[in-house]
Amino acid sequence: MKEGTFIDQTVAKGVRFFLVALLIITGIAAERIGLVEYLSDPWERDYVLFLVRQHIYLVAVSMALALVTGLAAGIIVSRKRFRKFAGIVMYVIGLGQTIPSLAVLALTMSFLGIGSKPAIVALFIYSTLPIARNTLAGILSVSPAIIDAAKGVGMSPTRILLEVELPNALDVILTGIRIALVINIGTAALGYLIGAGGLGDLIFTGINLMRTELLLAGALPVIILALVGDYLLELLGVIIVPKGIRMAG
């Protein structure tokens, strides 16, 4: 057996052991603080699932808007005629992330009132920059030699964008989407403060009442959603990103 393979297998076994141990410790802790008892109540369990659905709705809608806007902005400013405006466009898009999340929520609430709409707008503002920035960076990182070769075989600018630039930039773009998604899922918990619901309801109620089981009943699903979302996007990258590009990255 090669030394590298042996080390990889040892690391994999160590990671699995750590995860199993962490799962056991988490289970014991959940039992002791009353989380298991809390979730064993059918009404409370249904309420948690209801809040999870609210949370996913806020994330899904705001991420869809951020994807459309971020990809469009990144692609447009990557074109030669608009490239000189890239710095200004990215600065404007990034303004939202320079403002604290609570302030962004307050600003959107002042225009849209309370509920899910201002929360979606605030999450959209926070999620757009990583997507737009990585789209621009990914397209600009494509080798000019590849683009010249595509021009040499008579490909139109649109075909070059769709068949050459975007496929080669896909790995970088997906990284931006993963960053945006994790930020979005975590920030969505603050939507509770403006009446948007979501898992922040349990988190802030647990803090206010000093009930650890409520706090964890809200925080753990947020963590799980972030990990699952990140993993699914990583898996999507393995499926759709050309193997040669992944290996080069």
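The values are calculated or read from the model by the stated rules, or taken from the named source; none is laboratory data. If you're wondering where the values come from, they're calculated on a predicted model, not measured in any experiment. Cβ coordinates were reconstructed from backbone atoms using ideal geometry, including for glycine residues, and neighbour counts include every protein chain displayed.
For the range 76-93, what are the residues that are surrounded by 15 or more Cβ atoms within 10 Å (Cβ to Cβ) and of a type outside the set (S, T, N, Q)? Result: Ile76, Val77, Ala86, Val89, Met90, Ile93.
Residues that are over 23 Å from the mean Cα position of the chain (by Cα) and surrounded by fewer than 23 Cβ atoms within 10 Å (Cβ to Cβ) number at least 3 in the following helices (runs of 4 or more DSSP H) confined to the range 115-222: 144-152, 157-160, 200-209.
Mind checking which residues of the range 67-121 are of a type in the set (D, E, K, R) and under 30 Å from Arg159 (Cα atoms)? Those that are of a type in the set (D, E, K, R) and under 30 Å from Arg159 (Cα atoms): Arg79, Lys80, Arg81, Arg83, Lys84. Residues that are surrounded by fewer than 20 Cβ atoms within 10 Å (Cβ to Cβ) and part of a helix (DSSP H, G or I) were ranked within the range 102-114; the one that is modelled with the lowest pLDDT is Leu102.
Close contacts from the range 198-223, counting a first residue that is assigned by TED's automatic domain parsing to the domain that holds Val52 and a second that is basic (Lys, Arg), with Cβ to Cβ under 9 Å and a gap of 6+ residues or different chains, come to Thr205/Arg211.
Every residue, every condition in (1) basic (Lys, Arg); (2) out of contact with any helix residue (DSSP H, G or I) (no Cβ under 6 Å at 6 or more places or on another chain); (3) within 25 Å of Ser110 (Cα to Cα), yes or no:
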{"position": "Gly186", "(1), (2), (3)": "no, yes, yes"}
{"position": "Gly195", "(1), (2), (3)": "no, yes, yes"}
{"position": "Leu199", "(1), (2), (3)": "no, no, yes"}
{"position": "Thr205", "(1), (2), (3)": "no, no, yes"}
{"position": "Thr212", "(1), (2), (3)": "no, no, no"}
{"position": "Gly218", "(1), (2), (3)": "no, no, no"}
{"position": "Ile224", "(1), (2), (3)": "no, yes, no"}
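Out of curiosity, is Gln54 touching a helix residue (DSSP H, G or I) at 6+ places or on another chain (Cβ under 6 Å) and either among the polar types (S, T, N, Q) or surrounded by 12 or more Cβ atoms within 10 Å (Cβ to Cβ) (or both)? In short, no.
Within the range 31-56, residues that are under 26 Å from Ile120 (Cα atoms) sit with their Cβ atoms under 8 Å from residues that are among the charged types (D, E, K, R), at 6+ positions apart or across chains, in these pairs: Leu51/Asp201. Residues being at pLDDT below 65, more than 27 Å from the chain's Cα centre (by Cα), loosely packed, with under 10 Cβ neighbours inside 10 Å and outside the structural domain of Ala226 (by TED's automatic domain parsing) are represented in the range 5-25 by at least one member.
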